[in-house]
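One structure is given here, and the rest of the page talks about it.
The values are calculated or read from the model by the stated rules, or taken from the named source; none is laboratory data. This one's a predicted model, so the numbers in the text were calculated from it and none came from an experiment. Here Cβ is always computed from backbone atoms with ideal geometry, including for glycine, and neighbour counts include all displayed protein chains.
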Amino acid sequence: MKEKKQYSDFFAHETAVLDPGCQIGKGTRIWHFSHIMPDCRIGENCSFGQNVVVSPGVTIGNNVKVQNNVSIYTGVTCEDDVFLGPSMVFTNIVNPRSAVVRRDQYVDTLVRRGATIGANATVVCGTEIGRFAFIGAGAVVIRDVLPYELVVGNPAKHIGWMSEYGHRLHFNEQGKATCPESKEQYILKSGRVSKL
């Protein structure tokens, strides 16, 4: 059985491929058959499951959890505390064709702090996923998602709001809600949620 390999500040399984020029933060763990390409930056205390690909130029913050079979393509930025579910998909070209080279036409995608993207979801390039947004499993995101917004389906549609602890928020007549776990309070005003 193959074991993980210890580097100076992080761990990588010996089947993982780490290209020269990638930056990997302290405490990060990289598992079987993952490929970390040159010129990407990975923060501290991240976790990469099996068969993950991180392309050149990608920036990943601290404490990001990437589950199995996720490819993070050039043009994607994930801030701190992001969760990427198993087999979720990013794109980076709006109109790909096999016979047309568009490497100079990558479109950026930004995933803000604390956002969750569920298993098998697809995020079409050019979108911004707001802080602590929650993308349901299998959703196809084709527009920006607001902070704390919960979206599901194809195309992804708004069905509610989520707390920073990942619980559905239920607002009263005054537009206030309380997270059942953290007891933190939120307010819904003008179609946007913020924490009190």
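A compact table of results
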item: Matching residues in region 138-196 - criterion: being within 20 Å of E128 (Cβ to Cβ), among the acidic types (D, E) and free of Cβ contacts under 8 Å to residues at least 40 places away in the same chain; result: D144
item: Residue match in region 43-66 (condition: of a type in the set (D, E, K, R), within 14 Å of the chain's Cα centre (by Cα) and over 21 Å from G126 (Cβ atoms)); result: yes
item: Close pairs from region 26-45: first at positive phi, partner of a type in the set (V, I, T), Cβ under 8 Å, at least 6 apart; result: F33/T15; N45/T28
item: Number of positions in region 63-74 that are closer than 25 Å to G136 by Cβ and either at pLDDT below 95 or of a type in the set (S, T, N, Q) (or both); result: 5
item: Whichever residue in region 75-87 is of a type in the set (G, A, S) and either surrounded by 20 or more Cβ atoms within 10 Å (Cβ to Cβ) or at pLDDT below 95 (or both) and, among such residues, is farthest from D144 (Cα to Cα); result: G85
item: Restricting region 72-87 to residues that are assigned to a loop (DSSP other than H, G, I, E, B) and β-branched (V, I, T), the residue that is nearest to the chain's Cα centre (by Cα); result: V82
item: Strands (runs of 3 or more DSSP E) completely within region 88-185 that count 2 or more residues being loosely packed, with under 14 Cβ neighbours inside 10 Å; result: 157-161
